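What follows is a short report on a single structure.
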Amino acid sequence: MNKFDKHIKDKFYTYIQNLQNTITSKLEELDGKAKFQEDIWQRTEGGGGRTRVIENGDIFEKGGVNISGVHGVLPKSMQTYFGVEDADFYACGLSLVLHPKNPMVPTVHANWRYFEMYDKEGKLVDQWFGGGQDLTPYYLFDEDGIHFHTICKEACDKHHPTFYKKYKERCDEYFWNTHRDEARGIGGLFFDYCKTSDGMNMQDWYNYVTEVGNSFLESYMPTVLKRKDLEYTKEQRDWQEIRRGRYVEFNLVHDKGTLFGLKTNGRMESILMSLPPHVQWRYNHQPEKDSEEEKLLKVLKKPKDWV
């Protein structure tokens, strides 16, 4: 079995192009008002992408579903991180974040990506997949968490019996605001450096990652439909914006994808697309005892098993 598969790159980029089309069309249909604005961009050092952003909809206050395929010399900081010298890279992926207007509807994030690294002669020396998806509610409905994680588990179970447990735990570890000592949300899946090993070749990983990508709409859209018309108060909207502040903190302080984009001269508007439009930071804000807000914080302090 060949350790490297040179055909995966083009196949995966075609896949994320098609997946972007599918997801954006379904979300436009769901929102009923707003349409995605498309921005096609090029990167000076090599490659580019297709950014699609939706704003001020009936359901989605802001969201983006972006794809990119970039290449060039791996920056010195990243060479040090990977322990290589004079390396080139290729990276492509789809990244999405959706911030609904109604605080009863959770924010969702997903990313599926592929990476290659080359030596100074241009020889492929490493390749891997990464990605995942996670849910960030502002008000906790247990059935929504159960549904999201059930769909994640079903996608994982089709490929390996240990994947869901392993990648769910990694998600809980990764999306942890260490400076706040709490989770960003209620998790989902997170996997990285998935490469040929332990009986899985690159085609196997391609099959797994695309399985997860194809399951995304089913994991999220039923919850949106169930919660989008629930009434809410100004105080509940304030709580949503305060919790969005924690989302921003994670993305700017801890998120590897954001940091990679910043260090590789990525397109700033696309990188920061994940940030919500309205956010609050209140000094030492504490929810009322035994409130729905406190219920959420208790779960964020200690990740739970949903399925």
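The values are calculated or read from the model by the stated rules, or taken from the named source; none is laboratory data. A quick note: this is a predicted structure, and the numbers were derived from the prediction, not measured. Ideal geometry is used to build each Cβ from the backbone, glycine not excepted, and the neighbour counts take in all protein chains shown.
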Could you tell me whether any residue of segment 35-49 is within 17 Å of the chain's Cα centre (by Cα), under 30 Å from L230 (Cβ atoms) and either surrounded by 21 or more Cβ atoms within 10 Å (Cβ to Cβ) or not charged (D, E, K, R) (or both)?
no
Here the qualifying pairs (Cβ atoms under 9 Å; residues six or more apart or on different chains; first in segment 252-269 and closer than 14 Å to G72 by Cα and among the polar types (S, T, N, Q); second part of a loop (DSSP other than H, G, I, E, B) and at pLDDT 75 or above) come out as T264/R43; T264/E45; T264/L74; T264/P75; N265/R43; N265/T44; N265/E45; N265/P75
For segment 109-156, what are the residues that are under 22 Å from F260 (Cα atoms), surrounded by fewer than 20 Cβ atoms within 10 Å (Cβ to Cβ) and among the basic types (K, R)?
K120
Checking R170 against (1) surrounded by 14 or more Cβ atoms within 10 Å (Cβ to Cβ); (2) outside any helix (DSSP H, G or I), only one condition comes out false. Which one?
(2)
Quick check on segment 260-274. Is at least one of its residues of a type in the set (K, R), closer than 30 Å to E28 by Cα, in contact with a strand residue (DSSP E or B) (Cβ under 8 Å, 6 or more places away or on another chain) and surrounded by fewer than 19 Cβ atoms within 10 Å (Cβ to Cβ)?
no
Given the options V209, V224, V279, name the one that is surrounded by 14 or more Cβ atoms within 10 Å (Cβ to Cβ), in contact with a helix residue (DSSP H, G or I) (Cβ under 7 Å, 6 or more places away or on another chain) and not in a loop (DSSP other than H, G, I, E, B).
V224
Contact list please: Cβ distance under 6 Å, first residue in segment 286-307 and of a type in the set (F, W, Y), second residue surrounded by 11 or more Cβ atoms within 10 Å (Cβ to Cβ) and not in a loop (DSSP other than H, G, I, E, B), pairs at least six apart or on different chains.
W306/G145; W306/I146; W306/H149
Which numbered condition F191 fails, given (1) at pLDDT below 95; (2) under 13 Å from the mean Cα position of the chain (by Cα); (3) not β-branched (V, I, T):
(1)
Going by what's in this entry, would D238 be described as surrounded by fewer than 20 Cβ atoms within 10 Å (Cβ to Cβ) and either modelled with pLDDT of 95 or more or over 30 Å from F12 (Cβ atoms) (or both)?
yes
Scanning for something within 18 Å of N207 (Cα to Cα) and not in a helix (DSSP H, G or I), does segment 135-154 turn up at least one residue?
no
